[in-house]
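Student: I have a structure I would like to understand better, so I am pasting it below and will then ask my questions one at a time.
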Amino acid sequence: MFNSLRFRLLAITIIVLVVAVGTVAFFASQSTSSEFRRSVQGILDYPSLNIESKINVINKLIANREGERTIWDELQVMLEGMERSSQARYVIADLEGLVIVDSAGELIGDRINTDLSKPFAAFLIEKKPVLAYLVPRTTFNLAAIESEFNTSVNRSLIIAIALAGMVGLLLTYFLSRSILRPVDDLIKASRAMEKGDLNQRVTVRSKGELGELANAFNAMAEGLTRLEQLRQNMVTDVAHELRTPLSNVRGYLEALRDGVVEPTPEMIASVYEEAMLLNRLVDDLQELAMAEAGQLNLVCQPVDIREIIDKAVLSLIPQARQKEVSLGVDIPAELPMVTADPERLGQVLRNLVKNAIINTPPGGEITICARAVDTQVEVSVQDNGMGIAAEHLPYVFERFYRADQSRARTTGGAGLGLAIVKQLVEAQGGKVAIDSQVDSGTRVSFTSPIADLQ
């Protein structure tokens, strides 16, 4: 469970939510608390009371006092009027904090709480220094109110975080199900293929990375299915290729043992031919396996490819004449040498020309061409035979593959020739290609790197 992709996606989402929401909550709480203090302090500061004018009025009263009432009574009346007009409370106290005048008339004779009030002016009345204070209308504990306010804000933030977390988890769960459904399908299909069911395919539900993964899986499954079919066909073909010569050899030997026939030169030659067929098939299989494993012993050197082509054509002229097929060569006068193993390069050419002779009807033509292309020399074998259908072209270089499934050993080889050609060419640094059209002919080409003679 803890190693599943779903669990890890969920865990990552939870971590991201906790970090993100926690960070937002922390800074929101700090900002709210700071803003609260600033706002409350602004309220306590009474910025709109025009304190300077109040100070001037008090100074005028002190300087121009008239009437029978004492200065303190006059100040009491004045501060009461100020309170009514400005909705603020004014207090005058001596330097020890003893209240002498209070616009509300509640604190006279008591000491003022300097933690909640602060003086805004100083006066000298009857040779007595006093301080004027602004006092909040309601005495309250700012720290307690701030704590209560922050608690309320934090409680709201916690509820919001919890709700956001639940919504995030629910969204993650449902979204992860839709995201991971293709992965689950891939796992089920892979396990079914592991048990031998190669017909498994997954439905492509998206065009993103998971869609590409599903397409890659389906392509892999198609390839495995085709390879399995080729493997089965290979077993069948190998059995067929071996059965016929073995049956012939066995028949001849049984006839000799029973005295039915005499060991004539013709019969011995026939047995020898069947044995050579077996030997060639085994050699081809071994050579192909070594080429695919990269274990071929190649002696690459500068080679005149014109000479290789001439030798290959000369050796196959009798076979072409027997089939009534003409062989032609089209090679420019100036053709650079290539780096290759001359024996293997000749084997490639012979395989291609033999294959062309087999698939070209009597009266047909086969042309071997060569030309320099960039840093490579391209050699092609073109025939005007029956051609190959487009759906078979991607597979013609696979072992035992036959475009014409009805082709017998008498009309063609075991289906190893082109597979060997591909491996030999690629082992020498070249590439092989094929182009064909039904009833128009086939062109097989390969490249070989130009030799560096410096």
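Student: Could you sort Leu186, Leu298, Leu253 by their accessible area in this structure, using a 1.4 Å probe and putting the largest first?
Tutor: Result of the area sort, largest leading: Leu253, Leu298, Leu186.
Student: OK, next. For Ile268 and Ala390, what is the calculated FRET efficiency with R₀ set at 60 Å and r taken between the beta-carbons, to the nearest 0.05?
Tutor: That gives a FRET efficiency of 0.80.
Student: Of all alpha-carbon pairs in segment 247-314, indicate the percentage at a distance above 14 angstrom. All intermediate terms of the calculation are to be shown ahead of the outcome.
Tutor: Details: 1688 of 2278 pairs.
The answer is 74 percent, as a whole percent.
Student: Ala216: net charge of surrounding residues, Cβ under 15 Å, Lys/Arg +1, Asp/Glu -1, itself excluded? Please report the intermediate quantities before stating the final value.
Tutor: On the way: positive: Arg201, Arg205, Lys207; negative: Asp185, Glu209, Glu212, Glu222.
Around Ala216, the surrounding residues sum to -1.
Student: Multiplying the sequence separation of Glu426 and Gln319 by 0.36 nm and subtracting their Cα-Cα distance, what value in nm do you get?
Tutor: Between Glu426 and Gln319, full extension yields 35.7 nm more.
Student: Using a basic spin-label model with each label point 7 Å from the Cα along Cα→Cβ, how many nm lie between Ala122 and Leu170?
Tutor: Output for this residue pair reads 6.6 nm.
Student: Here's a follow-up. Efficiency by 1/(1 + (r/R0)^6): what FRET value for Asp184 and Glu365, r their Cβ-Cβ distance, R0 = 56 Å, to the nearest 0.05?
Tutor: 0.45
Student: Does segment 323-373 come out rounded, prolate or oblate, given a ≥ b ≥ c as the square roots of the eigenvalues of its C-alpha gyration tensor, rounded meaning a/c under 1.5 and, failing that, prolate meaning a/b above b/c?
Tutor: oblate
Student: If you don't mind, there's one more thing I want to ask. Based on the inverse mean of 1/r over its pairs of different Cα atoms, what is the Kirkwood hydrodynamic radius of segment 151-277, in Å?
Tutor: 21.1
Student: Could you tally the net charge around Arg205, taking each other residue with its Cβ under 15 Å from the Cβ of Arg205, Lys/Arg +1 and Asp/Glu -1? If you can, show how the numbers build up before the last one.
Tutor: On the way: positive: Arg177, Arg181, Lys188, Arg201, Lys207; negative: Asp184, Asp185, Glu209, Glu212.
For residues surrounding Arg205, the net value is +1.
Student: Also, I was wondering about something else. Keeping all protein chains in the complex and leaving out DNA, RNA and ligands, what accessible area do you get for Cys300 with a 1.4 Å probe, in Å² to the nearest 10?
Tutor: Probe radius 1.4 Å; accessible area of Cys300 about 70 Å².
Student: Set the Förster radius R0 to 25 Å, insert the Cβ-Cβ distance between Ile71 and Asp110 as r into 1/(1 + (r/R0)^6), and round the FRET efficiency to 0.05.
Tutor: Numbers: r = 20 Å, r/R0 = 0.82.
For Ile71 and Asp110, the calculated efficiency is 0.75.
Student: Between Asp197 and Val57, what is the label-point separation in nm under the 7 Å Cα-to-beta-carbon projection?
Tutor: 9.5
The values are calculated or read from the model by the stated rules, or taken from the named source; none is laboratory data. Just so you know, these numbers come straight off a predicted model, no measurement behind them. Here Cβ is always computed from backbone atoms with ideal geometry, including for glycine, and neighbour counts include all displayed protein chains. Quick note on the areas: whole protein, heavy atoms, side chains included, nothing else; ligands and nucleic acids left out. Shrake-Rupley method; radii C 1.70, N 1.55, O 1.52, S 1.80 Å.
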